[in-house]
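Structure first, commentary second.
Please treat every number below as a calculation from the coordinates, not as lab data. A quick note: this is a predicted structure, and the numbers were derived from the prediction, not measured. Glycine gets a Cβ as well: all are built from the backbone with ideal geometry, and neighbour counts include every protein chain shown.
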Ligand code: PEP
């Protein structure tokens, strides 16, 4: 982390877990574990239907609400879709785009991820843009080329003032939900590479200011080591964000200097 230039963000991704009625008890329990002081921004990304409950329950402990997906369309006849303006109006401050599960199970391509990120920025919702390589790509030594391509595609047409509201999450697919974490060195290498890609597009200052998160089996035990890396500015956390004590421990780990 480098808090001199950029904010630290700890974001939970509940995926398709939890019920709206479970949000309040979850938050009550989480509050009991939260460290007294905190230097990071905390967000929980839930299915959109839970955003109002998250806002209500998270208000007094300053936990922001985020969604997990958005339509690329602004409005109209798109049954089942949820637009960026609907998320913004409901109070969502963040929204994940390009999560590998959406890429894998819903065929989302880099162009669509870019369109979704732009739709969110138009409405003032911060996109958490996920990128990351498969195990095959890592074994073929294609990690940085592939991730650089994903980052460039996702940021296409986004100007430097909009970039300030973007968060990048590096999530190696082989580490998501598998219990296999990238080593702190592996994660740092790619996050540093992502910052270099952004520097080439936007210049040194904007690149220095972008928060880049690591995601992939981050937990209460490994968080401190990952977050100590200079280019890892927080975490996107799946499984461990469903357990109040574990999520709070990760938030506490981000307090380190
Ligand atoms: C994720 O879904 O973004 C994620 C990182 O999941 P997990 O922490 O469970 O690997």
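A few points about this structure:
- The residue 192 and residue 220 beta-carbon pair, evaluated with R₀ = 22 Å, returns a calculated FRET efficiency of approximately 0.30.
- Simple spin-label estimate for residue 161 and residue 19 in nanometres, 7 Å along Cα-Cβ: 4.6 nm
- Centre separation in Å (Cα based) which lies between the stretch 69-100 and the stretch 23-48: 23 Å
- When the Gaussian network model of the chain links Cα atoms closer than 10 Å, the mean-square fluctuations of 227, 142, 120 top out at 142.
- Extension reserve of the residue 4-residue 37 stretch, reckoned as 0.36 nm per residue once the Cα distance is removed: 10.1 nm
- The overall shape of the chain is rounded: from the C-alpha gyration tensor, with semi-axes ordered a ≥ b ≥ c, the ratio a/c is less than 1.5.
- Three-way shape label, the stretch 58-165, alpha-carbon gyration tensor, a/c 1.5: prolate
- The simple spin-label model puts a point 7 Å past each Cα toward its Cβ; for residue 200 and residue 62 those points are separated by 3.8 nm.
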